[in-house]
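Any read-out appearing in this document is the output of simple, stated calculations on the displayed coordinates, not a laboratory observation. For clarity, every value in this text was computed on a predicted model and none was experimentally measured. Cβ placement follows ideal geometry from the backbone for every residue including glycine, while neighbour counts extend to all protein chains displayed.
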Amino acid sequence: MEHKHLDQLRSVADVQPRPLSRDERLQRWIALLECDPKRPLTPLGEIEYKPPAERALIREDNSPLTVAYEDPILRADGLASDRLGDAMRYFALSDGQAHYALCSCLSGRTMDATTCAQRLRNATGNVAWESALGAWALAALAVSLPGIVYLLG
């Protein structure tokens with residue numbers, strides 16, 4: 001098998017990288033934030049009080065969204081701007097997730113990149129909690145089932 005550099009392949013074929021999954025997008029953003037953990041960032045100002053159309057247009061210089069938009073891979077994958085609406089669409093964030101991770105009411109005037117990375121991880125990491133909850137429910141059922149059978153039997 002002959003190996004060629006991607007630039008060589010592009011000259012003879014239309015090579016398109018596969019789009020990133022939501023988890024890959026979020027993990028990349030978190031990793032970018034963690035590359036400069038003490039970087040002071042500007043949170044978005046009280047986004048919960050803005051009407052939806054106005055909220056979508058919110059942006060701040062040097063915000064967590066700026067960090068994501070500075071990345072050429074995320075831009076090439078489809079991140080259109082560092083505005084809240086574009087980021088919420090691209091990262092598939094709910095209003096609550098965006099508020100928890102990005103709003104100034106929880107952070108004050110500045111936040112460091114590590115804090116934002118942890119908030120993003122907490123806001124979007126529901127799968128782990130759901131799995132743990134399911135495991136606890138199964139354990140409770142396994143422990144209580146003999147007692148239930150005894151009482152009903």
For Asp23, state whether it is within 22 Å of Gly125 (Cα to Cα), loosely packed, with under 14 Cβ neighbours inside 10 Å and out of contact with any strand residue (DSSP E or B) (no Cβ under 8 Å at 6 or more places or on another chain).
yes
For segment 66-117, which residues satisfy the criterion of being farther than 15 Å from Asp23 by Cα and among the aliphatic types (A, V, I, L, M)?
Val67, Ala76, Ala80, Leu84, Ala98, Ala101, Leu102, Leu106, Met111, Ala113
Taking segment 27-58, which residues are surrounded by fewer than 18 Cβ atoms within 10 Å (Cβ to Cβ), farther than 15 Å from Ala113 by Cβ and in contact with a strand residue (DSSP E or B) (Cβ under 9 Å, 6 or more places away or on another chain)?
Gly45, Glu46, Glu48
In segment 22-45, what residues are over 11 Å from the mean Cα position of the chain (by Cα) and either in a helix (DSSP H, G or I) or not aliphatic (A, V, I, L, M) (or both)?
Leu32, Leu33, Glu34, Cys35, Asp36, Pro37, Lys38, Arg39, Pro40, Thr42, Pro43, Gly45
